[in-house]
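Student: Quick one: the structure is below, questions incoming.
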Amino acid sequence: MSSQTDPIGIFDSGIGGLTIAKSIVEAMPGEDIVYYGDTAHLPYGDKSPATITACSLRITDLLLQKNCKMIVIACNSASTAAFEAVRAHVGDRAIVMNVVDPLVASLAVHKEPHKMGLIGTRQTVRSMVYDQKIQALYPHITLVSHPTNLLASAIEEFGRNGVTDSLLSEYLSHPDLKDIQSLILACTHYPLLKDKINTFFDQKVCIIDPSDVVSASVHQTLQEHGLHNLGSMGTRHFHVSDYTDSFEKGARMFFGHTLHLEHLALE
Ligand code: DGL
């Protein structure tokens, strides 16, 4: 039985999920946070659904050992490959959330016929999870999904400056994305590129960033279950399966300078 003071567990393949963690911390400062970045196995976007699911289940066990009341899969690749398996594994021990459903729900504001682009990893695009959910709810939206696999690795390695204008332009000028009116950033690393993407599209495309809608949905779900911690200042623990200075440096760019990564191997 979970209680209000139990932590929220958040995981990603690396440090990208910190965009979601940051938004959760800002919206719910009283919550204790346990973050896990599976840096030893990233990128997830190139792996098979079976491998991503196996990693996600091991991380889930670790977060359950830390008594997490909620597990947020802050990674699109893991959300599209492993959500159902994680939810079945957890049962009623904790609430499990993914990043896809809150984002899809937030699209209800787009009422007119609309050409929408999506960029994400190969796994996210290949899974067709966004396509199926959006088509079922919003038949007037034409979704075009385009894999932009190298972006997440470049950000993990060098931060936002690792993504050169020519690499970004190579991806975003793909004919599939021509004439889009909005663009879903379906990878938790991409909010870091928002300014560059806006510049590429001359500010003419509405950029849909999942971080705030996911944290709003986490907030609402905790309230509905009577599990929201109203304390003033929660604790924060950031774990990675492989530690390097460059991960720590990158993580600070996502989260701020107070962050310290601790190495914690997966069992
Ligand atoms: N952060 C992951 C996502 O949202 C992608 C990075 C990776 O390929 O590991 O899909």
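Values in this text are rule-based calculations from the coordinates and carry no lab data. Predicted model, so just to flag it, every value in this text is computed and none were measured. Counting neighbours? That spans all protein chains shown, and the Cβs are built from the backbone with ideal geometry, glycine included.
Student: For His263, list long-range residues whose amide hydrogen, built 1.01 Å from N in the peptide plane, is under 5 Å from its own amide hydrogen.
Tutor: Residues meeting the amide H criterion: Val240.
Student: Would you mind getting the Kirkwood hydrodynamic radius of segment 113-156 from its Cα pairs, rounded to one decimal in Å? Please report the intermediate quantities before stating the final value.
Tutor: Numbers: mean 1/r = 0.0898 Å⁻¹.
It is 11.1 Å.
Student: In whole Hz and in residue order, list the ³J(HN,Hα) couplings for segment 4-9 that follow from phi through the Karplus curve 6.51 cos²θ - 1.76 cosθ + 1.60, θ = phi - 60°; x for Gly and Pro.
Tutor: So the Karplus estimates, Gly and Pro as x, are 4, 7, 5, x, 9, x Hz.
Student: Taking the Cα centre of the chain as the origin and placing charges on Cβ (Lys, Arg +1; Asp, Glu -1), which of Pro147, Thr51, Leu193 is farthest toward the positive end of the dipole?
Tutor: Of Pro147, Thr51, Leu193, it is Pro147.
Student: Looking at the chain from every direction and averaging, what is the projected area of its Cα convex hull in nm²?
Tutor: Reported value for the Cα convex hull: 13.2 nm².
Student: Could you list log10 I(q)/I(0) for segment 101-210 at q = 0.18, 0.21 Å⁻¹, which the Debye formula gives when each Cα is one point scatterer?
Tutor: -0.87, -1.18
Student: State to the nearest 20 debye the size of the charge dipole of segment 1-52 about its Cα centre, where the only charges are +1 on K and R beta carbons and -1 on D and E beta carbons.
Tutor: Using only the charged Cβ atoms, the result is roughly 140 debye.
Student: How charged is the neighbourhood of Ile59? Take every other residue with its Cβ under 15 Å from the Cβ of Ile59, and add Lys/Arg as +1 and Asp/Glu as -1.
Tutor: -1
Student: So what's the net charge close to Asn149: Lys and Arg +1, Asp and Glu -1, counting the other residues with Cβ under 9 Å from its Cβ?
Tutor: After counting each charged neighbour, the total is 0.
Student: Still on this structure, please answer the following. About the Cα centre, and with charges only on the beta carbon of Lys, Arg (+1) and Asp, Glu (-1), how big is the dipole of segment 101-210? Nearest 20 debye, please.
Tutor: Using Cβ point charges on Lys, Arg, Asp and Glu, segment 101-210 gives about 200 debye.
Student: Using the charge dipole of segment 108-177 (Lys, Arg: +1 at Cβ; Asp, Glu: -1 at Cβ; taken about the Cα centre), state which of Val163, Ala136, Ile119 has its Cα farthest towards the positive end.
Tutor: Positive-end residue among those listed: Ala136.
Student: Related question: Along each of the three principal axes of the Cα atoms of segment 1-150, give the extent in whole Å, ordering the values from largest to smallest.
Tutor: Reported extents, whole Å, longest axis first: 45, 31, 26.
Student: Another one. Given the C-alpha centroids of segment 240-267 and segment 1-71, what is the distance between them in whole angstrom?
Tutor: Measuring centre to centre over Cα atoms gives 13 Å.
Student: For segment 101-210, compute the number of Lys pairs whose alpha carbons are separated by less than 14 Å, excluding pairs fewer than 8 positions apart on the same chain.
Tutor: Final tally of qualifying lysine pairs is 5.
Student: Could I ask something else about it? Beyond 19 Å, what share of the Cα-Cα pairs of segment 51-126 is found? Please give it as a whole percent.
Tutor: Cα-Cα pairs of segment 51-126 separated by over 19 Å account for 42 percent.
Student: Using a cut-off of 15 Å between beta-carbons, work out the net charge of the residues near Ile8 (Lys and Arg +1, Asp and Glu -1, Ile8 not included).
Tutor: Result for the neighbourhood of Ile8: -1.
Student: Let me spell out the model: positive unit charges on the Cβ of Lys and Arg, negative unit charges on the Cβ of Asp and Glu, origin at the Cα centre of the chain. What dipole size does that give, in debye rounded to 20?
Tutor: On the way: 20 positive and 29 negative charges, 65 e Å.
I would put it at about 320 debye.
Student: Here is a further query. When a footprinting reagent is the concern and you count Cβ atoms within 10 Å, what order do Met1, Met128, Met233, Met97 take, fewest first? Please list the in-between numbers first.
Tutor: On the way: Met1 6, Met128 13, Met233 9, Met97 25.
Listing Met1, Met128, Met233, Met97 from fewest to most nearby Cβ atoms yields Met1, Met233, Met128, Met97.
Student: Continuing with the same structure: What do you get for trypsin sites (Lys or Arg not before Pro) in segment 175-267 restricted to DSSP loop and a cutoff of at most 15 other Cβ within 10 Å of the site's Cβ?
Tutor: Lys178, Lys204
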